[in-house]
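Here the structure comes first, spelled out in structure tokens, and everything after it is commentary.
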Amino acid sequence: MDFATEIREAYEKKYVKVFLKDSDDIELVKSTLKQIKSIHKVNITESHSGGNDSLTLTVYPTKTCTADTVEKDIQKCLSRVNLDTPVLEQSEKAKVIGKLDCCPRAKRVFNQALEKHNKGSYERNLLDDMRLSLELFLKQKLGNNQSLENQIKYIGKYQKEKGRSAEFINMFKILLDYYSKYQNEHVKHNDSVNQGEVDFVIKLTSDFIDCF
């Protein structure tokens with residue numbers, strides 16, 4: 001995302017201005033910045049600098065944070081936002097969403113996770129959403145109330161009935177087993193996660209769903 005920041009001061013109080021190359025994204029950026037703990041308030045304001053009218057963001061720090069801290073947090077957050085290259089292509093997303101139509105709650109949680117990702121959020125609760133979406137979908141599809149870890153044997157039976165090869169079924173079960181272990185070790189225990197891992201988990205979750 002193309003943006004610039006600048007610390008300004010008014011009435012002896014410092015704040016941060018955020019300038020976006022494309023102001024069409026300003027509402028999304030505003031809602032993204034409001035999630036940052038060091039930020040108290042985010043306003044959309046008009047700028048008439050250089051005779052060019054445009055929309056900018058005015059960001060105020062909390063009482064316990066400085067404008068310098070807020071500026072660094074903004075730069076870190078927005079540098080991760082990529083609105084041009086979504087983690088899933090539109091065709092891939094549409095296919096998965098279609099599979100999730102049978103389970104509205106799973107569909108809602110899945111979309112919620114993608115929205116967080118689009119806002120540059122790579123926190124553990126995004127991965128929680130992915131896991132929950134898959135778990136809810138499998139319960140609906142397999143007609144049981146098993147946890148994700150306990151679905152493996154039922155998935156094998158389902159895939160066999162669909163004519164999948166033994167090698168495919170075994171690979172699927174192994175991947176799902178490692179998926180569950182990853183979630184348990186890194187997500188439930190509140191470990192930090194990075195963008196590369198988040199992107200992979202989103203794509204893997206989508207592939208799991210697409211196989212049903």
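Listing for the model above:
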{"item": "Max mean-square fluctuation residue, GNM over the chain, Cα-Cα springs under 10 Å, options Glu92, Glu12, Glu185", "result": "Glu12"}
{"item": "Trypsin sites (Lys or Arg not before Pro) within region 11-46, DSSP loop, no more than 13 other Cβ atoms inside 10 Å", "result": "Lys21, Lys34, Lys37"}
{"item": "Rel. contact order, % - alpha carbon contacts under 8 angstrom, at least six apart, the chain", "result": "17"}
{"item": "Sequence of Thr64, Thr58, Thr5 from largest to smallest accessible area, 1.4 Å probe", "result": "Thr64, Thr5, Thr58"}
{"item": "Gaussian network model of the chain, springs between alpha carbon atoms under 10 Å - residue of Asp177, Asp73, Asp22 with greatest fluctuation", "result": "Asp22"}
{"item": "Label point distance in nm, Gln195-Lys173, each placed 7 Å from Cα along Cα→Cβ", "result": "3.8"}
{"item": "Gained length - Asn43 relative to Asp2, 0.36 nm times residue gap less alpha-carbon distance", "result": "12.9 nm"}
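The values are calculated or read from the model by the stated rules, or taken from the named source; none is laboratory data. Not measured: the values here are computed from a predicted model. Neighbour counts run over all protein chains shown; Cβ positions are idealised from the backbone, glycine included. Side chains are part of the model used for accessible areas, which takes the heavy atoms of the whole protein and leaves out ligands, DNA and RNA. Shrake-Rupley method; radii C 1.70, N 1.55, O 1.52, S 1.80 Å.
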